[in-house]
Amino acid sequence: MTISTLTFQTNALAEMEALQSALTQTQAELSTGSKLPNAAANPAAMSQVNQLNMTLSASRQYVSNGTAATSGLQLEQNALTSATNALQSARDLAVEANNSAMSAADRQDIATQLQQLQNALLGAANATDPAGNYLFAGTASGTPAFALTGSAVSYQGASQVNQVQIGADQSVSAGDAGDAVFMNIPAGNGTFTTAAAGANTGSGSIDTGSVTSVAAWVPDNYTVSFSSPTQYQVTSSAGTVVASGTYTSGSAIAFNGIEVTVSGAPAAGDTFTVAPAGKASVFSTIGNLITALNSGTLTSGQITTRIGTALQQIDNALSGLNNVQASVGGRLNAITAAGNNAQSNQTQLQGRISTLADTDYAAAVTQLSTQELALQAAQQSYASIAKLSLFNYIS
């Protein structure tokens, strides 16, 4: 087989250029620390690295989202604790006021303390984060959650809350809307409410009652009327008598799956009402209690009834706040768990990216030495062969 000088030179030069290129690439890897200076170096590996970097970036964003949500939820937790403390103090005062031996002046002193607690409660409900965003205003965080007009408190935030993504398939509520936390508290015992009529003259009071049979309960507006201090009857809104009997103080009056207890000495003509429960706010609950304690015209039975109603609704509010706090705690735990999982995933992603893109210095140094020797051998071989000529063997 005959190989021309031109072919030999072309092949040798091509081989040396390939060796030189490989050597240059290895030198670049050592100087930059990257095996992928550009997409052309290894298109398949670069595609994988780009995809892994996108996944890593999203994971870091989830952690950042969780950190921001944690800060807000911790502030909400503090505000809920303040509100709970204020309500608990209000309950203690209501229990103290529910004493027939108390004078009107004593009750007014308690009403003054309740007003201070009402203000503290409103302050907790209008708590803000360091940026001035209202924690309980929902998606309308730039607006004060609650407004005080006269003695009435109204909600002016949004009912929706922002959702924060903390994982590829996981998100949590960044807060709680104030209307759900402070305004929509079950009134009465949650099924029905009771009240003493304003025209009552006796000392009778009615408790908040209880449900004895959910199936037998027929929601309606009922009236418990006393024809004499010892005789009563219960009528529906249509005037139908559903129960009647002889009254004994402290004994239950039962009808349609519920029972209520009237205590004290009602006068002839006194009435009490039983109506389906709606919703009440913590502010109106405390406000109504303040009004009752400041009143100079209510009978002892009316005051006792209103205090009993306030105590029941404060308990409902405390239960609701406890549920919200438990929910906040659950979300904080979920964020922590998601963050730990994300950190673990990020470590794995970074390891995979490093394997694909980062220089293995020990291997690269060995490879560089091998490539240098190969190039030197090729150059020396070329130089030796290039000097050969037929004339060297003609004497």
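Readers should treat all values here as calculations from the given coordinates under stated rules, not as data from a laboratory. Worth saying up front: this structure is predicted, and the values here are computed from it rather than measured. Cβ sites come from the backbone with ideal geometry, for glycine too, and all protein chains shown count toward neighbours.
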Near the amide H of Y247, under 5 Å away, which other amide H atoms are found, from residues 5 or more places off or on another chain, if H is placed in the peptide plane? Q231, Y232
Between V211 and S89, Cβ-based FRET efficiency (R0 22 Å, step 0.05) works out to 0.15
Can you run phi through the Karplus equation (6.51, -1.76, 1.60; θ = phi - 60°) for segment 78-87 and list ³J(HN,Hα) in whole Hz, with x for Gly and Pro? 4, 5, 5, 5, 4, 5, 4, 4, 5, 5
How many angstrom lie between the C-alpha centres of segment 272-287 and segment 59-125? 19 Å
Gain upon complete extension [S237, A326; 0.36 nm per residue less C-alpha separation]: 28.0 nm
Residue-by-residue Karplus 3J(HN,Hα) for segment 286-291, coefficients 6.51, -1.76, 1.60, Hz, glycine and proline x: 5, x, 5, 5, 4, 4
In the neighborhood of A196, defined by Cβ-to-Cβ distances under 13 Å, what is the net charge if each Lys or Arg adds +1 and each Asp or Glu adds -1? -1
Here, A180 and S151, labelled 7 Å along Cα→Cβ, have an inter-label distance in nm of 3.2 nm
Binning at 5 Å from 0, report for segment 172-299 what percent of all alpha-carbon pair distances ends up in each bin. 2, 10, 18, 21, 17, 14, 9, 4, 2, 2, 1, 0
For segment 102-252, the dipole about the Cα centre with charges only on Cβ (Lys and Arg +1, Asp and Glu -1), to the nearest 20 debye, works out at 300 debye
Taking the Cα centroid of segment 171-202 and of segment 295-327, what is the distance between the two, rounded to the nearest whole Å? 9 Å
Subtracting the Cα-Cα distance of D315 and T297 from 0.36 nm times their residue separation yields 3.8 nm
5 Å is the cut-off here: which amide hydrogens, built 1.01 Å from N in the peptide plane, fall below it relative to F192, excluding neighbours closer than 5 in sequence? A277
Could you list which residues have their amide H under 5 Å from that of A280, counting only those 5 or more apart in sequence or on another chain, with H placed in the peptide plane? I185, A187
In order through segment 241-255: 3J(HN,Hα) via Karplus (6.51 cos²θ - 1.76 cosθ + 1.60), integer Hz, x for Gly, Pro: 6, 10, 6, 7, x, 9, 8, 10, 4, x, 8, 6, 10, 10, 6
